[in-house]
Amino acid sequence: MASTTTSRRTFLSLALGLPAGAALAACGTSGPSGTGGGGGPGANASYWYLTGQPQEGIRVDAVKRFNAANPSSQITATGFQNDAFKTKIKTAIGAGQAPTLIWGWGGGTLRSYAKAGQVDDLTSWFAENPAIKSRLLPTSFDAATVDGKLYAMPCETVQPIVLFYNKKVFDSVGAQPPQSWGELMALVTTFNNKNIAPFSLGGQSRWTNMMWLEFLFDRIGGPEVFHAIFAGEKNSWSNPGAIEALTKLQDLVKANGFIKGFSSITADSNADQALLYTGRAAMMLHGSWSYGIQQTNGGDFVSGGSIGFQSFPPVEGGKGDPSNTVGNPAQYISISAKASADEKKIAKQYLTTGVLADDEVKAWIATGGVPVVQGTDSQLAASKDAKFLQFIYNTASKAKAFGQSWDQALSPTAAEALLDNISKLFQLTLSPQQFADNMNAVIGQ
Amino acid sequence: MSAAETSARRGSLGWLAVPALVFFVGFGVIPLVGVLLLSFTSWDGLGDIHFAGLTSWTAVLADPGLPHALWVTFLVMALSWLAQTPISLLLGVFLAGSQRYRAMLSVLYFVPLVLSSAAIAITYKALLDPNFGLGAGLRISLLSQDWLGEPGLALGVVVFVVSWQFIPFHSLIYQGGVRQIPRSLYEAAELDGAGRVRQFFSITLPQLKYTIITSSTLMVVGSLTFFDLIFVLTAGGPGDATRVLALDMYKRGFQANLMGPASVIAVILVLVGLALALVLRRVGGRDASASQLDGAA
């Protein structure tokens, strides 16, 4: 998944898009400017975090608390916007200028770091400190594992993708949330007749579109379909279940299931969220972090109980278990292999005592997030958002299969090809078969 | 300054070019060589660089994405030239007048030029939003199109915004050009009974020949590197409707981690740019920097 932030406008272009930059940009050697970096012995450990409230405040506070408690081992934190961060950290790592603590989404990107020998193998460290590992949700470790070795520590929150809906809009047309794909398609007609968009979608961000395919693939063909793709099996995108999912998706686009102009709406600006809480759209498929954004931006939408949420409905005749979900099993922190021994020591101390300390766990829960820590049930139940938090906790912990978001699970090369083809699929410029052919060509990349 | 004087001074003042030369080598030539070398390698930006021969070149040249990106780049170039040149020319002529209100207006017209491309793109994106933008706010159905979501419209919007941003700059060039035209030519034309329109086509336009070539070169070569504006406005979408060459390069290099193919595109970009600049110089005659002005030459 690409976003956990409330706002991540693309100022990246400021750094890269200079007229003379054509040649320079491709060169890709422009490292970070002074903020991060290796540094000499005795240097502070460095850490880059994502900006955007409410998450930003929690990340900053965690570092502040650690620094206050450990006067001799300090962490210097620098904030970046989401898209800028993704490019910048990749470039910095390639240039040997990575921060000590490398934050990310695990999966394919982490694999590319590990393959290049840029992040430390933490398997033995976890073995020496079993308490750290046993405290976290077991499902969160899959995306931190590369070829049987652990390269990152799960942190922050578990974020399955949820079908949000606006109860007021449903009441106004006297409809019920969909319990099957057939009902969902029927609702599309109902809402379009009332001039309400059935689904909000920030289609320019592309990973937003991908969430639809993740669920349709699972519900129709079961998690095995994407497992085969992930494992690099030949022609696995041409699986009949995959083709059916792609066809159903295009049926939904053709039936005007998504709001007019969805392909120019970005998730960065939270315009897709605004469409839901202003009642212009009835439903939205989005990551669970959306709850916090709607709480912050949506006036009394959340506090007034107008927000509805449920799992993606089953598809008639499909193989996937309705309890299956997809999303971000956690976020991840790795330690740069290029950091000095002192920096690594501070980093490990932070992983041990700083990450998901009790105060941080409380802060996540207060913003509608479920931390990847075991045994938080009572805290979740006591929260003002108990209903949502328990729903997320149950969705994550009771899922028969918790698939990682495709763009994070796959290698960056395959992920970019995927997102590119998905946007064309939603534009209806590619048929399901052409989509499958294009994607089969990049399997294993 | 006469041509003879210029060349006489060139020798003694050659060292003045040294700072520019250092920058050009450091930020132009060296990266260019680097990109050329990278285009023959495979590199994900993280690990080791491996020599890969012509793999990246064959991959990019066989990819249907390349002719498409070239076509989109050409469209943006041609359409933005067609939109900008007449408007800048007319504005430039208008602003060249010495009336005070025209000086006031020229300050206003200059505003888009001092805004950053990212800020312009974000502003237009907000204004053109189909649900929360200008059209929806004012309830004008003509304005509430899916501006950035329909392939044809999105390309049109890109051309419009590019033109909006750069017309002031080119107007400024034309304004300077028009002011260089000796008054005596117009006085003679008036005596011969030529009207305003006739004067424009028979004196202003021919006298601006080299200004037009200079401005066109800047527009055409500059449009090859439009990146920031399009990146923020449409990110190359919808689909790949506005994916110009520079954006294609960025996506391959920094999003798909394929530095080899991205470098191939960079090399192609440089070659296309050089070719265009050469062609434009040919069109303008061998010495485009020579003055055509009588008396002042």
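Every number in this text was worked out from the coordinates using simple rules, so none of it is lab data. In this text, all values refer to a predicted model and were calculated from it rather than measured experimentally. Cβ placement follows ideal geometry from the backbone for every residue including glycine, while neighbour counts extend to all protein chains displayed.
Among B:Leu233, A:Asn394, A:Ala175, which residue has its Cα positioned farthest towards the positive end of the charge dipole of the protein assembly as shown, with +1 placed on the Cβ of Lys and Arg, -1 on the Cβ of Asp and Glu, and the dipole taken about the Cα centre?
Result: B:Leu233.
Run the Debye formula on the Cα coordinates of the protein assembly as shown, all scatterers equal and no solvent, and tell me log10 I(q)/I(0) at q = 0.05, 0.06, 0.11 1/Å.
These q points yield log10 I(q)/I(0) values of -0.29, -0.42, -1.22.
I'd like the Karplus ³J(HN,Hα) series for segment A:120-129: coefficients 6.51, -1.76, 1.60, θ = phi - 60°, whole numbers in Hz, and an x wherever there's a Gly or Pro.
Taking θ as phi minus 60°, the curve returns 6, 6, 9, 4, 5, 5, 5, 5, 6, 10 Hz for segment A:120-129.
5 Å is the cut-off here: which amide hydrogens, built 1.01 Å from N in the peptide plane, fall below it relative to A:Val146, excluding neighbours closer than 5 in sequence?
A:Tyr151
When Rg is the radius of gyration of the Cα atoms in segment A:331-393 and Rh is its Kirkwood radius, what does Rg/Rh come to? Walk me through the numbers before you get to the answer.
Working: Rg = 15.0 Å, Rh = 13.2 Å.
Looking at segment A:331-393, the ratio lands at 1.13.
Per DSSP H run of at least 4 residues, take -39500 (n - 2.57); add these up for chain B, divide by its residues and hand me the 222 nm value, nearest 500 deg cm²/dmol. List each step's numbers first, then the result.
On the way: 16 runs with 190 residues, N = 297.
Taking each H run of at least 4 residues, the total per residue is -20000 deg cm²/dmol.
Local charge sum around A:Trp181 (other residues, Cβ-Cβ under 14 Å, Lys/Arg +1, Asp/Glu -1)?
Details: positive: A:Arg219, A:Lys248, A:Lys319; negative: A:Glu183, A:Asp218, A:Glu244, A:Asp251, A:Glu316.
It works out to a net charge of -2.
If you take the Cα atoms of segment B:64-177, find Rg, then find the Kirkwood Rh from the mean of 1/r over all pairs, what is Rg/Rh?
Values: Rg = 16.5 Å, Rh = 15.8 Å.
The Rg/Rh ratio comes out at 1.05.
Taking H as built 1.01 Å from N, whose amide H comes closer than 5 Å to the amide H of A:Asn324, not counting residues under 5 places away?
A:Lys400, A:Ala401
Can you check what the net charge comes to around B:Arg252, using other residues whose Cβ is under 12 Å from the Cβ of B:Arg252 (Lys, Arg +1; Asp, Glu -1)?
Combined, the nearby Lys, Arg, Asp and Glu give -3.
Which cross-chain or sequence-distant (5 or more) residues have an amide H under 5 Å from the amide H of A:Val162, H modelled 1.01 Å from N in plane?
A:His286, A:Gly287, A:Ser288
Could you work out the helix-only [θ] at 222 nm for chain A, with each DSSP H run of four or more residues adding -39,500 (n - 2.57) and the total divided by the number of residues, to the nearest 500 deg cm²/dmol? Provide the component values of the computation, followed by the final result.
Details: 21 runs with 198 residues, N = 445.
Dividing the helical sum by the residues of chain A leaves -13000 deg cm²/dmol.
Can you figure out the FRET efficiency of A:Asn44 with B:Ala62, using R₀ = 45 Å and their beta-carbon distance, to the nearest 0.05?
Taking R0 as 45 Å, the efficiency between A:Asn44 and B:Ala62 is 0.40.
Tell me, what is a quarter of the convex hull surface for the C-alpha atoms of segment A:150-217, in nm² with one decimal? Walk me through the numbers on the way to the answer.
On the way: hull surface 28.1 nm².
If I average the Cα hull's projected area over directions, I get 7.0 nm².
Hey, what's the Kirkwood Rh for chain A if you take every pair of different alpha carbons, in angstrom? Walk me through the numbers on the way to the answer.
Working: mean 1/r = 0.0444 Å⁻¹.
Value: 22.5 Å, from the Cα pair sum.
Summing Lys, Arg as +1 and Asp, Glu as -1, what charge do residues with Cβ under 13 Å from the Cβ of A:Asp437 carry, A:Asp437 excluded? Intermediate results must be reported in sequence, preceding the final value.
Working: positive: A:Lys234, A:Lys424; negative: none.
Here the count lands on +2.
Compute the convex hull volume of the Cα atoms of chain B, divide it by the residue count, and report the result per residue in Å³ as a whole number. Don't skip to the end; give the middle numbers.
Numbers: hull volume 54.7 nm³, N = 297.
Enclosed volume per residue, from the Cα hull, is 184 Å³.
In whole Å and largest first, what semi-axes does the C-alpha gyration tensor of segment A:327-445 yield when each eigenvalue is scaled by 5 and square-rooted?
Values: eigenvalues 252, 122, 23 Å².
Gyration-tensor ellipsoid for segment A:327-445: 36, 25, 11 Å.
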